[in-house]
Amino acid sequence: ADVTIPIIVKDTTSFYWQIVLAGARKAGKDLGVKVPELGAQAESDINGQISILENAVSGKPAAIVISPTEFKALGKPIDEAAKSVKIIGIDSAADSKSFTSFLTTDNVQGGRVAADGLAAAIKEKYGKAEGEVALITALPGVGSLDQRAKGFKEQLAAKYPDLKLIADKVADGQATTGLNITTDLITANPNLRGIFTSNLIMAQGAGQAIAENKAQDKIKVIGFDSDEKLVKFLSNGTLAGLIVQDPYRMGYDGIKTALAASKGEKTEANVDTGANLITKANMNEARAQELLNPKLD
Amino acid sequence: MSLETKDVGPTPKRRFNVLFGLTLFALLLALWLVLGVSTDSFWTGNNIANLLRQGSMIAILAIGQTFVIITGGIDLSVGAIVGFTSVVVAWLLAHGFPVWAAILITLGIGVCIGLFHGFGIVRLGLPPFIITLATLTSLRGIGLLITNGATISIDNDPFTEFSRNDFAGIPNLFWMVVLVGIPAYIFLHHSRWGRYLFSVGSNAEASRLSGVNVKGTIYLAYTLSAVCASFVGLLLASRIGIGNATQAEGWELQAIASSVIGGTSLFGAVGSIHGPLLGAFILATINNGANLLNVNSFWQRVITGVLIIVIVYFDQLRRRQR
Amino acid sequence: MSLETKDVGPTPKRRFNVLFGLTLFALLLALWLVLGVSTDSFWTGNNIANLLRQGSMIAILAIGQTFVIITGGIDLSVGAIVGFTSVVVAWLLAHGFPVWAAILITLGIGVCIGLFHGFGIVRLGLPPFIITLATLTSLRGIGLLITNGATISIDNDPFTEFSRNDFAGIPNLFWMVVLVGIPAYIFLHHSRWGRYLFSVGSNAEASRLSGVNVKGTIYLAYTLSAVCASFVGLLLASRIGIGNATQAEGWELQAIASSVIGGTSLFGAVGSIHGPLLGAFILATINNGANLLNVNSFWQRVITGVLIIVIVYFDQLRRRQR
Amino acid sequence: MTDHDISHRSDNGQSETISAAAAHLPILELRGLEKQYLGTHALKPADLAFKAGEIHAIVGENGAGKSTLIKLLTGVIPRTAGEILLRGEPVALTTPLEAIQHGINAVHQEVVLCPHLTVAANIFLGEEHRRFGLLQHRHMVREAQKILDDLGFVLPAHVLLSDLTIGQQQLIATARAATRGARFLIFDEPTAYLTREEAAQLFALIRRLQKSGVTIVYISHRMEEVFELADRVSILRDGRLVGTRNIDDTNENELISLMINRSIEQIYHKVPFTFGKTILETQALSGSGFENISISVREGEIVGLYGLIGAGRSEFVTTIFGRHPKSSGKIFWDGKEVNIERERDAIKLGIALAPESRRDQGLCLSLPVSLNLNLPIYKQLSRNLLISHREESRHADSQISDLRIKTASRSASAASLSGGNQQKIVIGKWLNHGAKLFIFDEPTVGVDVGTKAEIYRLFSTLLQNGAGIILISSYLPEVYELADTLHVFRRGQMVASHPHKTVTHEDILTQALGSASADTDTHN
Ligand SMILES: Nc1ncnc2c1ncn2[C@@H]1O[C@H](COP(=O)(O)OP(=O)(O)OP(=O)(O)O)[C@@H](O)[C@H]1O
Ligand SMILES: Nc1ncnc2c1ncn2[C@@H]1O[C@H](COP(=O)(O)OP(=O)(O)OP(=O)(O)O)[C@@H](O)[C@H]1O
Ligand SMILES: O[C@H]1[C@H](O)[C@@H](O)OC[C@H]1O
Ligand SMILES: [Mg+2]
Ligand SMILES: [Mg+2]
């Protein structure tokens, strides 16, 4: 393949981004495009992603697909890069007008959906959407996590005034820390009814804590994103719900759109790839299964 | 730099160690009392169990790390070993190995990593900092390659329940600290190899000329550290029910900090087993307490830093006043 | 531990240092040649500019770190200082301070942090590892409190463009390495205080007996390191256009690794300025090359680890063969 | 070097030669000076006046408090009580820098310089020459070389200090102290690591310094040095000043009995034994630093190795001990050829080595006395893999009392012991190892006369039990009196061998020096 379209994700070491890369890889195969898979080693490494973008540009590719790790910080570098190459954004936005096309989840909206899901689960158990809830964020300073927290809090304030956010915890990206925080939350707040963990690894830790404390009846947990383990937690009731995006499609369509753009074809400027609430009730539907078990190769 | 060494004074070392251990223990008790007064939930059986669980893994890492630090070295790879071995055991279980075999193989891999470190230091002449930094980097990479950046779930219930369960009312995880701590104590203070760790850390050349197997001692120290780390990898896999190569990031610093808070000197030849244990549980208590008090997560970091300074400062004071 | 010191052999230090520097430089050139042959894009002006930019910040940190390591200490806080000062300068600019004032205040804060480290080591008697680990933790916390866990945008275009621009065809960021490196070289090798860094690291007691201001020397080393780190904080803020307290995580280890790869001994009293610079650019080249070659990022980690071992091993060999 | 040269760098400009009258006023006076460590009363209240321009010797057993006194005078450690008057004015002397500024300098007992710096950098440490704020590297090396040449020390100024032997480092320390414009200069056992030749250079230097008006305090365990150099001598015992004598009014026996409160009839204790079978033999052994050495050691025999610094004796014995590889030649043990690849092989055969540098090779300074004494025998002390703490303590205690090691307790760190007592540990740790061949490399460095006599008596006990001894010493009388067979080394070669006392000191010196430089030494 002569055409090269690199894809730059935020953090190659997480499952979510591996799904995005799998989609991109498939598109590369289908379309006969070479797709270097790039990304920093942590979502908080802004400087790392800028460097990777710079390196990618100097390889003179046909186009670049990128998921900006920070809204503001990636703006200028993307503007700069767009001077020589077409840029397609996926997953998250950046402070730049230079994107040829955008396929993103609205993370603020994702947070709102999580609030809805949590409220519904609490209502189902306790009869009313009221009581104490908590929020656990994996890492500080990560744009999309901040946006989810923002959407979640806004929605609580706007639609569920009886759900009281009693703890807003930020961890260090480790499942064990999420686990420890959750056990401590349970200990310190006997009336806790719900937790929103806004990414995969925190949901792993929180799920484990719920299982350890056998608290799934009392405390409803909504996670974000999914993997095998979380799906199991969902099916055995440890987790009340998962907000799931469509990373495979972002990767696939990202490359597809980029190829089209590089050929000068017209592409859609904005595509919302959606964030869906999946619970035990709807997890066996075909679309849900597709999202929960993306085919990786 | 001899700035620190000049504090090494004439008072009997053993007695001092015990005293020092005691006062760190007093500090830990003081923390516990304050938390007991200021929260309702601290002194509940449940929370104490949580606390013991939360400190256990770092405590075991800190014991292993202490062996290495006593020889004057450092092991930066322990966090990476934990993540890596969690992947290894998950992979083995997923591929149908029986639990006992998976555990033995994983510990065996720990032994190999430790031997490799010894090899790098003794044969290749690399500084411990460099060789363990290199394995840190590489092991995370290999772990990620095995999982392809994702996680491997563990479906073996006895395995995953182990870390959740209690024995005689005390969490299994804490029993594991006891299981490691007691032999470690006997080894360090009552075996000749323990003496050799100290002598190598104090003066490798003098030790060699006294017939101490210096190279063997270094191999031993790093192997013990790596085995402790892979044991923690097993516990972590059991606790979070997955194998994931990026877990336990930064735990090496926590382990080293626990050890140093517990009185181990980074210049070598000074250290104990109870010290690192106390250090690890002091750190765990700070986090647990801050969570119970619902301290803002950012303040929690600030406070942790300040408390580390205060605790170590008071210990330095006592040491000097002896 | 004296395992390493026994390698200190009979050849005059200066000559050796230059030789060692040269061969590391040869290694860097070799890497560049290999990459030039195996990729089309390596030897493009654009890529070289990228490479220079990418290595610059760690290079400056490594210089500061080297001062500290020469005294036999360590500074774990530099990554945190970078993140923290990026927040400080962003906050100052957002609150209408002129650029020059914001820069001076930020560097001033660096001075204060360094002095605090000196104070902790000299007055409170804390081990360098502990005091700088504590500030690492606390500074991240304070930075997060200032930004409330988010980021502060910087709207000052001249400020943010600085790190993107070139002067005489060479990226400004690299000019900053020159700006720091030359005075650092003169300071370390041609000033009295530079000499004292070595003497304190070699034998603090002997230095004291010779009337060297040992405490002042330690204050100085940590202050220089912290100032270098806050300078990098300014550069980072300029490069990413925001202030964010969680940036530069793990850069302390990269800085230390660069320094050690460049021949600095963690036992003190051995080090140079060119060594850490070469170390930093070797690490940057490995990353840049792996990206250009489209090496899977997991393999990249594995390879980085292996290359660190190989590079340092060959240098050890040469040292011994001298 | 002229007198003027020595004082030209005087900071306070007091380079005028002191008149004969002034020479008898006290320059430095101690009143009730006292030092108490936790657990040790190192110096009990002492009154002492040093006269300007005199050479004042201080003698005393190991641990008597000599170095402590010196450390108090140079601001290295704070005093517990008492006053120090400099030219009648009380001075604080709380930091070394302050002492230096008052013109008080010292060459401390254990070499305290910076091994990673060059000789020149060490000489000028703290007083670097600068121009426009920048170090004048070349100038300093040249100056340092000039200083060394002027002093008659044949040493390079541009090499790293760590490249020099301990003795050479000691000379550097001396050169450094001598060039600092000192008015008051203290030498704490400066000849412990020096060969006779170097000692002679040092004595010449001390005399020149005295002539230029410098007051000198000289500490030594070697009585003949005291009588050769000193004007007056003070005696310390157990931290107490027991007397000061004019050198002309006293004699060796009086000093020794004041020091140790009993008299020693005979220092060199030599009982002739009949030699048994050969324990160790080397045939044409070569290695780095020595060539073609053939010696043999029999049961009951002391084989002495004499030579100058760098003669290769230490390299030779450490090679036998497995520390360095041999390049050719053979080693026989008990008549059988053996291959000693590492120290443990040698120890297993039954070889014990007390190395020459106690700091670098002999001791784990930061660890307890007990651990140091037991280090080679932990295997014997272990039962079922565990150490018997009772045995460990018992062994340590018996060594401490047998060798009269002066220590607060067996768990005190080795660093807290006086130099001579540290040396006793280096020897003591091998005594119960059951070795057949003992190699003592400079065993009596820094050891007081009483202890020396004990060590020599110990040799007899070892020999009586059927062991053999290789004794390396740069102190000729020692090897001369004790060795049954004396081998002379020069530049890595064995140049002569003599049975007990069959030649004169002068013959041996001539052989060790090679004819060319022989007279430079013997003129003393
Ligand atoms: N830092 C210290 N802490 C405790 N005790 C000490 C310390 N330094 C020295 N001592 C003790 O003080 C006493 C006097 O020691 P000092 O070094 O002055 O002896 P010395 O006369 O110089 O002996 P030597 O001839 O062996 O050098 C000894 O008993 C020694 O153990
Ligand atoms: N002036 C010197 N500079 C550097 N190295 C030296 C010098 N003199 C001797 N050496 C080293 O010392 C080695 C031999 O010294 P060794 O210690 O074996 O001699 P020795 O006879 O035991 O003398 P000493 O009495 O000093 O112990 C030589 O191989 C050489 O490497
Ligand atoms: O959508 C992705 C998000 O941008 C990232 O921060 O974490 C993983 C995914 O949830
Ligand atoms: Mg002494
Ligand atoms: Mg010798």
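The values are calculated or read from the model by the stated rules, or taken from the named source; none is laboratory data. Just so it is clear, the model here is predicted, and its values are computed rather than measured. Cβ sites come from the backbone with ideal geometry, for glycine too, and all protein chains shown count toward neighbours. What goes into the accessible areas is simple: the full protein's heavy atoms, side chains included, and nothing from ligands, DNA or RNA. Shrake-Rupley method; radii C 1.70, N 1.55, O 1.52, S 1.80 Å.
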Q) Given H placed on each backbone N at 1.01 Å, which residues far from D:H324 in sequence or on other chains put an amide H within less than 5 Å of it? A) D:T319
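Residues with beta-carbon under 13 Å from that of B:V99, excluding B:V99: net charge, scoring Lys, Arg +1 and Asp, Glu -1? Please report the intermediate quantities before stating the final value.
Details: positive: none; negative: B:D155, B:D157, B:E161.
With Lys, Arg at +1 and Asp, Glu at -1, the neighbours total -3.
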Q: Please identify which residues in the range B:245-278 have an amide N closer than 13 Å to a label point set 7 Å out from the Cα of B:T23, following the Cα→Cβ vector.
A: B:263
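Take the Cα pairs of the protein assembly as shown, get the Kirkwood Rh, then feed it into Stokes-Einstein at 37 °C and 0.692 mPa s and tell me D in µm²/s.
On the way: Rh = 34.8 Å.
For the chosen part, D equals 94 µm²/s.
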Q. Hey, can you list the DSSP H helices of chain C whose Cα span along the axis is 30 Å or longer and whose average Kyte-Doolittle score is at least 1.6?
A. C:99-122
Q: Partner chain Cβ atoms within 10 Å, averaged over the residues of B:50-59 - can you pull that number for me?
A: 3
Q. In the range D:39-103, which GluC sites (Glu not before Pro) are in a loop and have at most 10 other Cβ atoms within 10 Å, using DSSP for the loop call?
A. none
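Quick one: net charge around A:L277, please, counting Lys, Arg +1 and Asp, Glu -1 for every other residue with C-beta under 11 Å from its C-beta. All intermediate terms of the calculation are to be shown ahead of the outcome.
On the way: positive: A:R112; negative: A:D116.
Its environment carries a net charge of 0.
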Q | Label-point gap, in nm, between D:N251 and D:D397 - each point 7 angstrom along Cα→Cβ | A | 4.3 nm
**Q.** At q = 0.06, 0.07, 0.08 Å⁻¹, base-10 log of I(q)/I(0) for chain D (Debye sum, equal scatterers on each alpha carbon)
**A.** -0.30, -0.40, -0.53
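When a/c is below 1.5 the answer is rounded, else prolate if a/b is larger than b/c, else oblate, so apply that to the range D:309-396 with a ≥ b ≥ c taken from the square roots of the Cα gyration tensor eigenvalues. Intermediate values should be presented prior to the final figure.
Numbers: a/c = 3.27, a/b = 1.55, b/c = 2.10.
Oblate is the answer for the range D:309-396, as a/c is 1.5 or above yet b/c matches or exceeds a/b.
Just to confirm a number: summing +1 for Lys and Arg and -1 for Asp and Glu over residues other than A:F15 whose beta-carbon lies under 11 angstrom from that of A:F15, what do you get? Show your work: numbers first, answer last.
On the way: positive: A:K229; negative: A:D11, A:D225, A:D227, A:E228.
That sum, taken over residues with Cβ under 11 Å, equals -3.
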(Q) If I take the Cα coordinates of the range D:356-434 and project them onto the principal axes, what are the three extents in Å, biggest first? (A) 36, 23, 22
Q) Which distances, in nm and shortest first, link the B:E161 label point to the same label point in every other copy, taking 7 Å along Cα→Cβ? A) 6.7
Q. Hey, what number do you get for the protein assembly as shown at 222 nm if only DSSP H runs of n ≥ 4 count, each worth -39500 (n - 2.57), divided across all residues, to the nearest 500?
A. -17000 deg cm²/dmol
Q: Please work out how much accessible surface D:K379 shows to a 1.4 Å probe, ignoring ligands, DNA and RNA, in Å² rounded to 10.
A: 130 Å²
**Q.** Per-residue ³J(HN,Hα) for the range A:49-58, Karplus 6.51 cos²θ - 1.76 cosθ + 1.60, θ = phi - 60°, Hz, x for Gly and Pro
**A.** 5, 4, 4, 5, 4, 4, 4, 4, 5, 5
**Q.** Copy-to-copy label separations for C:R318, where each label sits 7 Å from Cα toward Cβ, in nm and ascending
**A.** 5.0
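Mind checking the range D:30-137 for trypsin sites (Lys or Arg not before Pro) that DSSP puts in a loop (not H, G, I, E or B) and that have at most 14 other Cβ atoms within 10 Å?
When the trypsin sites (Lys or Arg not before Pro) of the range D:30-137 are filtered for loop state and at most 14 Cβ neighbours within 10 Å, D:R87 remain.
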Q. So how strong a dipole does the protein assembly as shown carry about its Cα centre when Lys and Arg Cβ are +1 and Asp and Glu Cβ are -1, to the nearest 20 debye?
A. 940 debye
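If a/c stays under 1.5 just call it rounded; otherwise compare a/b with b/c (prolate if a/b is bigger, oblate if not). Do that for the range C:47-321, with a ≥ b ≥ c from the square roots of the Cα gyration tensor eigenvalues.
Details: a/c = 1.66, a/b = 1.13, b/c = 1.47.
It comes out oblate by the Cα gyration axes.
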Q: Once you have a ≥ b ≥ c as the square roots of the Cα gyration tensor eigenvalues for the range D:360-403, tell me rounded if a/c is under 1.5, and otherwise prolate or oblate according to whether a/b is larger than b/c.
A: oblate
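Scan the range D:273-320 for trypsin sites (Lys or Arg not before Pro) in coil per DSSP, keeping those whose Cβ has at most 16 other Cβ atoms within 10 Å, and list them by number. Mind showing how you got there, number by number?
Values: sites: D:K277, D:R298, D:R313; in loops: D:K277.
Passing sites in the range D:273-320 are D:K277.
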Q: Show D:R390, B:R208, D:R342 ordered by accessible area, largest first, where the area counts protein heavy atoms only and the probe is 1.4 Å.
A: D:R390, D:R342, B:R208
Q. Roughly what would the spin-label model give for B:F167 and B:F119, points 7 Å off Cα along C-beta, in nm?
A. 3.4 nm
Q) For the range D:46-77 and the range C:23-75, what is the separation of their Cα centres, given in Å? A) 56 Å
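Evaluate the charge dipole of chain D about its Cα centre and quote only its size in Debye, nearest 20, assuming +1 on the Cβ of each Lys and Arg and -1 on the Cβ of each Asp and Glu. Present the calculation step by step, with values, prior to reporting the outcome.
Numbers: 55 positive and 60 negative charges, 281 e Å.
Rounded to the nearest 20 debye, it is 1360 debye.
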(Q) Defining the label point at 7 Å along Cα→Cβ, can you sort the distances from B:C112 to the same site in each other copy, shortest first, in nm? (A) 5.2
Q) Sequence-distant or interchain residues sharing an amide H contact under 5 Å with D:V217, placed H: which? A) D:H56, D:L185, D:I186, D:F187
